[in-house]
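Undergrad: Provided herewith is a single structure, encoded as structure tokens, for subsequent inquiry.
The values are calculated or read from the model by the stated rules, or taken from the named source; none is laboratory data. Bear in mind that the values here come from a model prediction, so they are computed numbers and not experimental data. Here the Cβ positions follow ideal geometry from the backbone for every residue, glycine too, while neighbour counts run over all protein chains shown.
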Amino acid sequence: MQSFKILIPLILILIQILGISQNDSTHTEHKGDTTNHIITEYSEELTHNYPTDYFRSPLSIPIVLAGTFGELRNNHFHAGIDIKTQGKEKLNIYAAAEGYVSRIKVSPYGYGKALYIDHPNGYTTVYAHLNKYNDKIEEYIQKLQRESETYAVEDYPPAYLLEVEKGEIVALSGNTGGSSAPHLHFEIRETSTEHPVNPLLFGLKVPDTKNPIIQELVFYGFDEVLHQGQTRHKKTCKLIKAGKYSIGSTELKVNTNIFGVGIKTYDHQNGANNKNGVYSIKMLVDDEVHYHFDVEKLSFDEMRYINAHTDYHEWHNSKSWYNKCFIEPSNLLNAYEQTGFSGHLELFDGDQKNIEIIVADVAGNSSTIKFKVTKTKTGLSFITEPPFCNRLLYHSVPNQLALDKLIIDFPANSFYNDVFLKYETIIKPEKSPYSPIYKIHTTDVPVHEAFTMLIETNNFPEDLREKAVIIHEYKKRKKAIKPESWLGNYLKGKSKSFGSFYIGTDTKAPAISAVHDYKNKDISNYDLLRFKITDNLSGVKSYSGRIDDEWVLMEFDAKTAQLKYYFEDDFPKGKHKIEITATDACGNTKTFETEFKR
């Protein structure tokens, strides 16, 4: 295949002329220009200007989804589709179209072994959680790993170096990185912006004749400045007939001046029972659209706004996802249609509103729930008075909290709405000898922008300053924040969540152990060696392995905390010594040695 790099500008111009893709590359432009939604009682027809015959499936088996685009995940929306690989690894992964390998990333975390291919039509396909690359790519990346003597690498090859044909085997499927089971994570991104676009809008065939499930509604009350009240009421939804749900009555009586709705919903495709994400949620009030969310396209810069889009309190406490059908004041996610409304409903005594919520999947299947909301003094009551707090933090401006030996700076838009902040100083020398324990608010309130902390200590040992950490306790868990610096007697660090904070030390090296006892044993029938590396506080920062004093490539699987060495075919026979070294974020180092025969 001849290099097409020179032809890309001409092809992109042709694409624009033919109207194949009309997406603007800015982060703020709304997608309404490229989407035409036609609502019927049971279906939502979707029309887009994406090429539907350009990309092939990256697998040779039927596509069955374990996860959909835009699905709700911890701190982010899902940026691709998760394709089942029949519970197995090492299935062939095919290039979805001709192009060239533009990026290769190997990491123990996140996408694991990932491959990025740029295509001449202005899109990039991404293949993640791979077991290994094809021979040509594997040779290229292993050369970089050996040169840098590290497993985790990232590289951007030049366009002419690793060209691929449509349908060429580029990798084998796997379970690397943050994957919890074998599957292929597949994305299609706009190359110029790196914005992921829903892959199912490009003609990939996924059988789907099932309507989304509407499981539950949750109702909220607000005060006059849209502070959410402390109470919420839930209603289980009942299926009346295909695609039509009810809350058990046609009328909901409430006693609140400003009202909001949340919805717990998910989708099924044919061939699997996974509770996958839906494509769109629309709320009509008296037949007028007041709220419309869809996941046509996302931006990685906006992923954390999922904590504003969903009921974070419910997710934090019960791992239940509720989509809010209203938009918080500092929710800047560009996945909402500009309706002129925020989804908050103002009610007066005797008012009655007709509510209709339509949930749709990308195949056009939809489900609907309708009910009336009436304002009456005998209806569901909501506590909307502000709770007791030590300090009110406004969401749109910077805020600073200064206690006796603690200073916290919150940037503007750290929160999605104003926060009625509670804090407490706890003196427990037996637990925290170097500072008080500062309990800052509750962990079920989300934080968008990291806040900066300065914690003072007057009795910290000089010889332990390099081992100092800020301990963050939350939900009965504990982690160490590696400080950015010392400023006199103040330790500076950052956090993106509330909880309890205090100064501690990390002087303990990581623990290393062999998964099996290899010492002086003949392991000729073993394909690999496995070791477990764990750390008690600041986390493993680096690791390496040497056999007979020579560096060897070892793969670290963060989810199992295992470091693996796979024997090569020409591994020499005889007695060998392996040495594993691990260092944590505070510089504590541990070395483990053992001998084996082969």
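Undergrad: Out of all the residues in the stretch 544-551, is one or more under 15 Å from Thr591 (Cα atoms) and part of a loop (DSSP other than H, G, I, E, B)?
TA: yes
Undergrad: Loosely packed, with under 14 Cβ neighbours inside 10 Å, hydroxyl-bearing (Ser, Thr, Tyr), out of contact with any Pro (no Cβ under 7 Å at 6 or more places or on another chain) and at negative phi: which single residue out of Ser538, Ser544, Ser524, Ser497 fits that description? Give the steps one after another, and end with the answer.
TA: On the way: Ser538 fails: loosely packed, with under 14 Cβ neighbours inside 10 Å; Ser544 fails: loosely packed, with under 14 Cβ neighbours inside 10 Å; Ser497 fails: loosely packed, with under 14 Cβ neighbours inside 10 Å.
Unique residue meeting the criteria: Ser524.
Undergrad: Restricting attention to the stretch 564-579, which residues are farther than 14 Å from Trp551 by Cα and not in a loop (DSSP other than H, G, I, E, B)?
TA: Lys575
Undergrad: Would you mind stating whether Ala335 is at pLDDT below 95, hydrophobic (A, V, I, L, M, F, W, C), within 19 Å of Thr68 (Cβ to Cβ) and surrounded by fewer than 23 Cβ atoms within 10 Å (Cβ to Cβ)?
TA: On the way: at pLDDT below 95: no; hydrophobic (A, V, I, L, M, F, W, C): yes; within 19 Å of Thr68 (Cβ to Cβ): yes; surrounded by fewer than 23 Cβ atoms within 10 Å (Cβ to Cβ): yes.
Spelling it out, it is not the case that Ala335 is at pLDDT below 95, hydrophobic (A, V, I, L, M, F, W, C), within 19 Å of Thr68 (Cβ to Cβ) and surrounded by fewer than 23 Cβ atoms within 10 Å (Cβ to Cβ).
Undergrad: Just one of Lys370, Lys324 is within 20 Å of His309 (Cα to Cα) and basic (Lys, Arg); which is it? Before you say what the answer is, go through the steps one by one.
TA: Working: Lys370 fails: within 20 Å of His309 (Cα to Cα).
That would be Lys324, the only listed residue that is within 20 Å of His309 (Cα to Cα) and basic (Lys, Arg).
Undergrad: Among the strands (runs of 3 or more DSSP E) lying completely within the stretch 67-157, list those that include at least 1 residues that are without any contact (Cβ under 8 Å) to a residue 24 or more places away in the chain, in the same structural domain as Arg546 (by TED's automatic domain parsing) and out of contact with any Lys or Arg (no Cβ under 6 Å at 6 or more places or on another chain). Spell out the reasoning first.
TA: Details: elements: 81-84, 92-94, 99-106, 113-118, 123-128, 130-133, 153-155.
Output list is empty.
Undergrad: A further question on this structure: Output the number of the condition that Asn459 fails; it satisfies all remaining conditions of (1) part of a strand (DSSP E or B); (2) at pLDDT below 95.
TA: (1)
Quick grid of which residues meet (1) in a strand (DSSP E or B); (2) touching a helix residue (DSSP H, G or I) at 6+ places or on another chain (Cβ under 6 Å):
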position	(1), (2)
Leu172	yes, no
Leu184	yes, no
Ile188	yes, yes
Thr209	no, no
Ile214	yes, no
Val218	yes, no
Gly229	yes, no
Ile240	yes, no
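Undergrad: In this structure, does His309 turn out to be more than 17 Å from the chain's Cα centre (by Cα) and at pLDDT 95 or above?
TA: Numbers: more than 17 Å from the chain's Cα centre (by Cα): no; at pLDDT 95 or above: yes.
Answer is no for this residue.
Undergrad: Now, a different point. Between Lys508, Lys532, Lys467, Lys476, which is more than 19 Å from Ala402 (Cα to Cα) and modelled with pLDDT under 95? Let's see the steps before the verdict.
TA: Working: Lys508 fails: modelled with pLDDT under 95; Lys532 fails: modelled with pLDDT under 95; Lys467 fails: modelled with pLDDT under 95.
Selected residue: Lys476, the only one of Lys508, Lys532, Lys467, Lys476 that is more than 19 Å from Ala402 (Cα to Cα) and modelled with pLDDT under 95.
Undergrad: For the stretch 534-581, name all the residues that are among the hydrophobic types (A, V, I, L, M, F, W, C) and over 24 Å from Ile141 (Cα atoms). Walk me through it before giving the result.
TA: Quick first cut of the stretch 534-581, residues among the hydrophobic types (A, V, I, L, M, F, W, C) only: 537, 540, 547, 551-554, 556, 558, 561, 563, 567, 571, 578, 580.
Selection gives Leu537 alone.
Undergrad: Can you tell me which condition Lys264 does not meet? The list is (1) exposed (fewer than 15 other Cβ atoms within 10 Å of the Cβ); (2) among the charged types (D, E, K, R); (3) within 20 Å of Val445 (Cα to Cα), and all the others hold.
TA: For Lys264, the exception is condition (1).
Undergrad: May I ask you to say which residue of Lys564, Lys577 is of a type in the set (Lys, Arg), surrounded by 14 or more Cβ atoms within 10 Å (Cβ to Cβ) and at pLDDT 95 or above? Reasoning before the result, please.
TA: Numbers: Lys577 fails: surrounded by 14 or more Cβ atoms within 10 Å (Cβ to Cβ).
After applying the criteria, what remains is Lys564.
Undergrad: Which of (1) under 24 Å from the mean Cα position of the chain (by Cα); (2) over 29 Å from Arg146 (Cα atoms); (3) in a strand (DSSP E or B); (4) of a type outside the set (Ser, Thr, Tyr) does Leu537 not meet, given it meets every other one?
TA: Going through (1) under 24 Å from the mean Cα position of the chain (by Cα); (2) over 29 Å from Arg146 (Cα atoms); (3) in a strand (DSSP E or B); (4) of a type outside the set (Ser, Thr, Tyr) one by one, Leu537 breaks only (3).
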